[in-house]
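Visitor: Have a look at this one before I ask anything.
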Amino acid sequence: MTKSKSTPDNKKGKPTPKRKVAEAKSKSSILSPAASRSDKKRLKEQTRLRRTEARAAFMRGDEN
């Protein structure tokens, strides 16, 4: 009875990764680039403007 260690999913025998390493691996996002401070500020201003326009329309009685 000899056990073969040539299995493709040889997951045993390795130490469990540290929490720091596991979190760092799942934390990185390559889907979107990091936004700069000025980009965030501009987006926040646009959102605020849209919200105030929508509120004014709602107060007038417009549905949209």
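Visitor: Quote to one decimal, in nm, the extra length available between Lys12 and Asp39 on full extension: 0.36 nm per residue of separation minus the C-alpha distance between them.
Guide: 5.1 nm
Visitor: Starting from the Cα of Glu63, step 7 Å along the direction of its Cβ; do the same at Leu31; then give the gap between the two resulting points in nm.
Guide: 3.3 nm
Visitor: Between Leu49 and Ala22, what is the spin-label point distance in nm, taking each point 7 Å from the Cα along the Cα→C-beta axis?
Guide: Here the answer is 4.6 nm between the modelled labels.
A short reminder: the numbers here are calculations on the coordinates, not readings from a lab. From a predicted model like this one, the values you see are computed outputs, not experimental measurements. FYI the Cβ positions are ideal-geometry reconstructions off the backbone, even for glycines, and counts take in every protein chain you see.
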